[in-house]
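Q: Structure incoming, see below.
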Amino acid sequence: MSSSPGAQDRPSAPPEEREEALPSAAAPGRPSYTRTLRNRPFFLVWLAQLISQSGDYIFDVALLWFVLQETHSAFAVAVVVTGAILPSVLLGPFLGVYVDRWDRRKTLVATNIGQGVVVAALSVVVALGHASLPVVFVVVLLLGVGFTIVRAATSAYVPSVVPPDDLPPANGLLSLSGSLNQVVGLGIGGAFVALLGVTLPIEYDAISFFAAAVLLVLIPRIRPTAASAPVAPTTFREEFVEGFAFIRKNRFLLEIIAIGVLVNFFGNGLSALFAPYTQFVLHAGVVVYGLLGAILAVGSLVGAGIMGKVNMHTTAGKYLFAGGITLGPLLLALGLTTSIPVAFVVMALFGVALAVTNLPISVAMQAKIPGRLLGRVSATFGALVTATSPAGPLFAGWFAQTWSVAAFFVLSGIVMTVVIGVGALTMRSLRTLQY
């Protein structure tokens with residue numbers, strides 16, 4: 001889209017820096033789901049995400065189970081998960097600069113179309129029987145690039161059309177859509193794969209990306225305001241550095257990163273092991289694998305629904321740690337059980353805890369980071385907080401092959417309990433986070 005970065009590059013500030021008349025900007029008060037859904041630009045972004053994600057989770061079940069059955073290796077599954085994570089870590093800060101330069105609406109449209117093309121091509125390769133591990137790895141790399149762009153662009157776009165008081169319900173709705181799709185996609189994805197194979201779910205994911213792009217085209221253009229005018233610095237290098245500088249000056253972001261690098265290392269390792277966990281620990285098949293993810297999403301759905309109604313102006317940090325401190329013991333429980341019903345209950349509680357932990361972070365960042373910096377800061381933050389994540393699945397796969405899948409869950413539970421507990425005691429800026 002752009003030539004190589006250099007001193008001659010000039011930022012083109014996104015025209016949607018702030019909608020000319022935010023419906024509730026002059027009417028502060030309690031967060032409102034109804035008011036947020038009546039916000040047309042946000043509603044279309046949310047609906048596009050709802051549709052595109054409906055294919056993503058079915059795709060995840062199909063692809064990871066396909067790799068597991070083809071290779072019979074937890075490590076191979078871990079390699080694929082690592083490929084999906086790498087772009088956000090390696091390219092996130094660079095892509096974030098361009099997200100702040102580009103029109104965010106057009107960026108979302110183009111990225112969804114690109115992801116749809118990649119997934120459609122994969123479906124053809126799978127149907128022809130040529131889907132080797134290297135091919136799958138390249139595909140997930142490309143999809144990871146798209147995910148990184150979409151995540152940064154969406155995070156930066158939402159506060160440009162949603163006032164601060166409605167950021168909790170806006171982020172709650174975005175989380176709800178993901179959780180709802182997880183419930184449906186993972187719940188039926190396992191059955192779809194068992195009955196129909198992997199090709200049809202992959203084809204549906206491609207269609208969902210194209211449908212999302214159509215919805216995003218319908219977002220009304222927002223007339224630029226004075227806030228949209230380009231400001232110094234104007235070179236790529238200066239903009240790139242500015243994102244890091246903002247993070248360095250905000251202690252709460254540094255504290256989240258300090259916790260996140262360890263938590264995400266083990267968290268992404270766990271995500272790579274849920275298919276092996278289902279087969280080797282619970283001794284079940286793809287249907288149970290899908291249901292585990294669906295039940296996790298039910299918990300997230302409940303947690304996001306509750307948190308979306310909470311005024312977190314002065315309590316964001318407290319909620320973050322309240323949810324986070326329960327994650328470790330729940331992972332311990334998963335590692336110590338071989339009962340499918342017990343695993344289902346624990347996964348539901350884990351989903352609630354994730355929503356209570358993550359939603360305050362998203363809201364606080366969108367409220368506290370200037371709109372013109374949101375793309376690069378959120379992408380850079382994402383890269384830093386997940387810096388160790390690509391190694392997590394590889395370590396998890398090796399650990400599971402050397403010892404056992406269950407042992408990695410136990411280890412992860414112990415580490416998360418210690419890390420988040422120490423953070424709650426020592427990280428005052430994060431514990432008292434407000435916006």
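Q: Based on the mean of other beta carbon atoms within 10 Å per residue, what is the order of 390-397, 139-146, 165-172, most packed first? Working shown, then result.
A: On the way: 390-397: 22.9, 139-146: 21.1, 165-172: 26.8.
Answer by packing, highest mean first, reads 165-172, 390-397, 139-146.
Q: A further question on this structure: Identify which of Val385, Val363, Val345 has the largest mean-square fluctuation in a Gaussian network model of the chain, with springs joining Cα atoms closer than 10 Å.
A: Maximum among the listed residues: Val345.
Q: Now a separate question. Using the Karplus curve 6.51 cos²θ - 1.76 cosθ + 1.60 with θ = phi - 60°, what ³J(HN,Hα) values do you get for each residue of the stretch 284-298, in whole Hz, with x for Gly and Pro?
A: Karplus-based 3J(HN,Hα) across the stretch 284-298 equals 10, x, 5, 5, 5, 4, x, 5, 4, x, 5, 5, 4, 5, 4 Hz.
Q: Work out, step by step, the length gained on full extension between Leu336 and Gln401: first 0.36 nm times the residue separation, then minus their alpha carbon distance; give nm to one decimal. Mind dumping the intermediate values first?
A: Values: separation 65, 0.36 × 65 = 23.40 nm, distance 1.77 nm.
That pair, Leu336 and Gln401, stretches by 21.6 nm at full extension.
Q: Follow-up question, since we're still on this one. In nm, give the distance between the simple-model label positions of Ala191 and Arg30, each being 7 Å from the Cα along the Cα-to-Cβ direction.
A: In this crude spin-label approximation the distance works out to 3.8 nm.
Q: Which shape class applies to the stretch 159-218: rounded if a/c is under 1.5, otherwise prolate when a/b exceeds b/c and oblate if not, where a ≥ b ≥ c are the square roots of the Cα gyration tensor eigenvalues?
A: Working: a/c = 6.13, a/b = 1.85, b/c = 3.31.
Oblate, since a/c reaches 1.5 and b/c is not below a/b.
Q: Among Ala245, Ala407, Ala84, determine the one that fluctuates most according to a GNM of the chain built with springs between C-alpha atoms less than 10 Å apart.
A: Ala245
Q: If you don't mind, another one. Whole-Hz Karplus ³J(HN,Hα) for the stretch 410-415, in order, using 6.51 cos²θ - 1.76 cosθ + 1.60 and θ = phi - 60°, x for Gly and Pro?
A: 5, 4, 4, x, 5, 4
Q: Another question, if that's okay. Could you go through the stretch 258-267 in sequence order and give the Karplus-derived ³J(HN,Hα) for each residue, using 6.51 cos²θ - 1.76 cosθ + 1.60 with θ = phi - 60°, rounded to whole Hz, and x for Gly and Pro?
A: 4, 6, x, 4, 7, 4, 6, 4, 6, x
Q: Something else about it: How would Arg40, Arg376 line up from fewest to most surrounding beta-carbon atoms within 10 angstrom? Walk me through the numbers before you get to the answer.
A: Working: Arg40 14, Arg376 30.
The most exposed by this proxy come first: Arg40, Arg376.
Q: For an R0 of 35 angstrom, estimate the FRET efficiency from the Cβ-Cβ distance between Leu425 and Glu238 and round to the nearest 0.05. Walk me through the numbers before you get to the answer.
A: Working: r = 38 Å, r/R0 = 1.09.
The computed FRET efficiency comes out at 0.35.
Q: Could you please rank Asp100, Asp60, placing first whichever residue has the fewest other Cβ atoms within 10 Å of its Cβ? Present the calculation step by step, with values, prior to reporting the outcome.
A: On the way: Asp100 28, Asp60 23.
Ascending number of Cβ neighbours within 10 Å: Asp60, Asp100.
Q: Most fluctuating residue of Ala121, Ala304, Ala74 in a GNM of the chain with Cα springs under 10 Å: which is it?
A: Among Ala121, Ala304, Ala74, the largest GNM mean-square fluctuation belongs to Ala121.
Q: Charges on Cβ only, +1 for Lys and Arg, -1 for Asp and Glu, centred on the Cα centroid of the chain; of Gly413, Ala391, Gln115, which one is farthest towards the dipole's positive end?
A: Most positive-ward Cα: Gly413.
Q: Next question. How long is the gain from Thr314 to Leu133 if the chain were fully straight, where each residue apart is worth 0.36 nm and the alpha carbon distance is subtracted? Intermediate results must be reported in sequence, preceding the final value.
A: Details: separation 181, 0.36 × 181 = 65.16 nm, distance 4.80 nm.
Gain in length upon complete extension: 60.4 nm.
Q: Now, a different point. Size of the dipole of the chain about the Cα centre, Lys and Arg at +1 and Asp and Glu at -1 on the beta carbon, nothing else charged, in debye to 20? Walk me through the intermediate numbers first.
A: Working: 24 positive and 18 negative charges, 224 e Å.
Using only the charged Cβ atoms, the result is roughly 1080 debye.
Q: Positive end of the charge dipole of the chain (Lys, Arg +1 and Asp, Glu -1 on Cβ, about the Cα centre): tell me which of Val79, Gly285, Thr148 has its Cα farthest that way.
A: Thr148
Q: I've got another one for you. Report the calculated FRET efficiency for Ile414 and Phe43 (r = Cβ-Cβ distance, R0 = 30 Å), to the nearest 0.05. Write out the running numbers ahead of the final one.
A: Values: r = 43 Å, r/R0 = 1.44.
Result of the calculation: an efficiency of 0.10.
Readers should treat all values here as calculations from the given coordinates under stated rules, not as data from a laboratory. Predicted, not measured: the structure shown is a model, and the values here were computed from it. Glycine gets a Cβ as well: all are built from the backbone with ideal geometry, and neighbour counts include every protein chain shown.
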